[in-house]
Amino acid sequence: MKNRPFDLAKLDFEKIRKRKRRKLLCWSAPVCVAIMITALYLVYISALKSIAYRSYITSSYETTVSFLDHSAFVDVLEKYKVYFNQGNVYFKRKKYNQAENYFRKSLEIVPKTQECSVRINLALSIEAQGDREVALKHYDAATEKYDDVKAVLYDGQESCNVQLNRLLYSDKQVKHEDYSKNQRDFYAIYQRIQEKSNDVKRKKNGDETDSHKSNSSEATKKELENMQRKIDELEEKTKKAQKYKSDREEMDRFWHDKTDTQRPSKRW
């Protein structure tokens, strides 16, 4: 059977176009919805961060914390930044324990390329706690905090691209112009912590010496007071003995005089 020529006039092109559009819409609708949701999500996250930032620079820390807490709940892409910013807010509010907690959370998930800034702020928050312990004369607790700072910095040498051995054992002084801001801060913190650790040891030894001297002085003072009390008691006893002797002599003279004047005459 021979093929008959195709009659284009019998085709409904409008119907064919509508059918293709419906198919294309069915296939593309989920993708469009996903793109729209993603776009709205990103806009929402950006708006939260923008509001939090404006609140931060105007020192409205309560508002900043509120928006950052919400951001930490919904932001799954850069949660380490949210934790980092939360740590900065608590540091500004001088709540150094909370700041340390958030910096540590950020450090657990931060990419290696962004780790240095987190470590530096973490070290600063722990250093502030150590300074507070020194002010309270809790020298052992302060020493522990300063040791924690050293550990944080030692572990961050690779991410911050620094070498503490060069700082500690090199005869040449580290030139700040040779390093980035993070590296300069890194070295500055470590040097400062070394000085503070030594100062804490001196203060602790000084307080122990002063305490020993104070105890010795207090003991000497008590001994002197006891000696003075014994001397006073002895003087009081001496005065009483002298008074008793004087009264006795006075009484003896009285009876002697009375006997002489009132002696009865003898009778023969």
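The values are calculated or read from the model by the stated rules, or taken from the named source; none is laboratory data. Just so you know, these numbers come straight off a predicted model, no measurement behind them. A quick note on method: Cβ atoms are made from the backbone with ideal geometry, for glycine too, and the neighbour counts reach across all protein chains shown.
So here's what we get for this one:
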quantity: Matching residues in region 114-139 - criterion: being exposed (fewer than 14 other Cβ atoms within 10 Å of the Cβ) and out of contact with any helix residue (DSSP H, G or I) (no Cβ under 8 Å at 6 or more places or on another chain); calculated: 135, 136
quantity: Any hit, region 138-157, residues being over 24 Å from residue 184 (Cβ atoms) and among the polar types (S, T, N, Q); calculated: yes
quantity: Residue in region 244-251 that is at pLDDT below 65 and of a type in the set (A, V, I, L, M, F, W, C) present; calculated: yes
quantity: Complete set of residues in region 201-238 that are closer than 27 Å to residue 144 by Cα, among the charged types (D, E, K, R) and at pLDDT 75 or above; calculated: 201, 202, 203, 204
quantity: Residues within region 108-166 that are of a type outside the set (S, T, N, Q), in a helix (DSSP H, G or I) and more than 20 Å from residue 98 (Cα to Cα), tallied; calculated: 9
